[in-house]
Amino acid sequence: GDLEATIQFEISGAEPGVYRLRISDGACAFGTGRSVEPNLTIATPSEVWARVSSGEVSGRDALLDGLYEVRGDAALLTRLDELFGRAPKEAIVPPVTRRRSGPIALKGSHWLTVAFAPWLVLWLGPLVGLDVPTGLRVAFPVAALLAAYHAVSWGSAADSLALGIIWLSSLLHAPRPLTADYSRWDHAEALAANSTFLHVNRVLTFLWGAVFVAMGSLSVASLRWPEAAGVLGVLRVLLLVPAIAATIRLPRSAARLRIEDADGWRRKLRLGALAGIVVALSAIVTANAVAGVPFLAAARL
């Protein structure tokens, strides 16, 4: 509604700190440090407020028992459940029908798996005797068809062939990191706009972009040192292991993250993405210089 207020938290105990929530124009912003004129100040041990916010104990009972203190607008305190109560199930669980538009009924996150398929042929092919030119003849048309389908149906460049460059560049210019463009379709719209959701997906997008660049660089190295191609091929595959593990674990631990400098994290990820793009372009130039390999043969980047 038209509520204008600042709530300040003075936290003691195991996780001390001073934080503030500014409610204005129908939105709420989080900040660290003291407010000049908070409407309500809550002084509490972190352990107590964790129990209150999880519903383990009643905020009213904890206040009456002297477990925490308040100063300022008591009426605002009584509205905390209304303002910040846990969302009903329908607010966080997407309806079964929620997916991208298009004739193929796959959720966005499932498309991420499909998009990997042609490149797995290229990456794993040498391990079963498939040479790079043959792998490209398989991977390129399939990836091109996927990219065309996305471009026609959704206006998305999510499956562009230069995976590392595209993934990292989404951190520089896109309103959402690339992985968020997939995974947001598995969540309710409001949850997919959450700052923690976006932070986790920025980290995952950077991680996978860096992995793609590293895999491509190892491919270029195998052109320079063909006698080590087997070892470098195994390393390329092994790079996928920590990336997959992080993709599984990080979203599950997101609720416990404390992101106190989201803008700072975003700047660092952008700088890292820019560095990765420079490395990727350098690897492409190196591939041409070492073996005269055309750009598409370096598309594994």
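The values are calculated or read from the model by the stated rules, or taken from the named source; none is laboratory data. Fair warning: this is a prediction, and the values are worked out from it, not measured in the lab. Methodologically, a virtual Cβ is constructed for each residue, glycine included, from the backbone with ideal geometry; neighbour enumeration extends over all protein chains shown. The accessibility values were calculated without ligands, DNA or RNA, using every heavy atom of the protein model including side chains. Shrake-Rupley method; radii C 1.70, N 1.55, O 1.52, S 1.80 Å.
Of all residue pairs spaced 6 or more apart or on separate chains, those with beta-carbon atoms under 8 Å, a first member in the stretch 166-181 that is assigned to a loop (DSSP other than H, G, I, E, B) and a second member that is among the charged types (D, E, K, R) are 174/181; 176/184; 177/202.
Applying the condition of being open to solvent by less than 40 Å² (accessible area, probe 1.4 Å) and of a type in the set (S, T, N, Q) to the stretch 162-195 and asking which residue is modelled with the lowest pLDDT yields 183.
If you go through the stretch 230-244 and keep only what is open to solvent by 40 Å² or more (accessible area, probe 1.4 Å) and either of a type in the set (Val, Ile, Thr) or part of a helix (DSSP H, G or I) (or both), you end up with 230, 231, 234, 235, 237, 238, 241, 242, 244.
Does residue 258 qualify as being surrounded by fewer than 17 Cβ atoms within 10 Å (Cβ to Cβ) and not in a helix (DSSP H, G or I)? Yes, satisfied. Evaluate the following for residue 228: is it within 22 Å of residue 124 (Cα to Cα) and modelled with pLDDT of 80 or more? Answer is yes for this residue. Filtered by the rule that a residue be modelled with pLDDT of 85 or more and either assigned to a loop (DSSP other than H, G, I, E, B) or open to solvent by less than 50 Å² (accessible area, probe 1.4 Å) (or both), the stretch 265-301 gives 269, 272, 273, 276, 277.
Confirm whether residue 102 is farther than 30 Å from residue 23 by Cβ and at pLDDT below 75. Criteria met by residue 102. Counting only helices (runs of 4 or more DSSP H) that sit completely within the stretch 10-81, those holding 2 or more residues that are in contact with a helix residue (DSSP H, G or I) (Cβ under 8 Å, 6 or more places away or on another chain) and closer than 25 Å to residue 194 by Cα correspond to 46-53.
Restricted to the stretch 42-75, and to residues there that are among the small types (Gly, Ala, Ser) and within 31 Å of the chain's Cα centre (by Cα), the residue that is least open to solvent (accessible area, probe 1.4 Å) is 46.
So for the stretch 210-225 (the condition being under 22 Å from residue 283 (Cα atoms), of a type outside the set (Lys, Arg) and either in contact with a Cys (Cβ under 8 Å, 6 or more places away or on another chain) or not in a helix (DSSP H, G or I) (or both)), does at least one residue qualify? Steps first, please.
Let us first name the residues in the stretch 210-225 that are under 22 Å from residue 283 (Cα atoms), namely 210-225.
With the extra rule that they be of a type outside the set (Lys, Arg), the set shrinks to 210-223, 225.
Subsequent filtering for residues that are either in contact with a Cys (Cβ under 8 Å, 6 or more places away or on another chain) or not in a helix (DSSP H, G or I) (or both) retains 225.
Taking every residue of the stretch 210-225 in turn, at least one turns out to be under 22 Å from residue 283 (Cα atoms), of a type outside the set (Lys, Arg) and either in contact with a Cys (Cβ under 8 Å, 6 or more places away or on another chain) or not in a helix (DSSP H, G or I) (or both).
Taken over the stretch 212-229, the criterion of being touching a residue at least 60 places away in the same chain (Cβ under 8 Å) and over 19 Å from residue 167 (Cβ atoms) is satisfied by 223, 224, 229.
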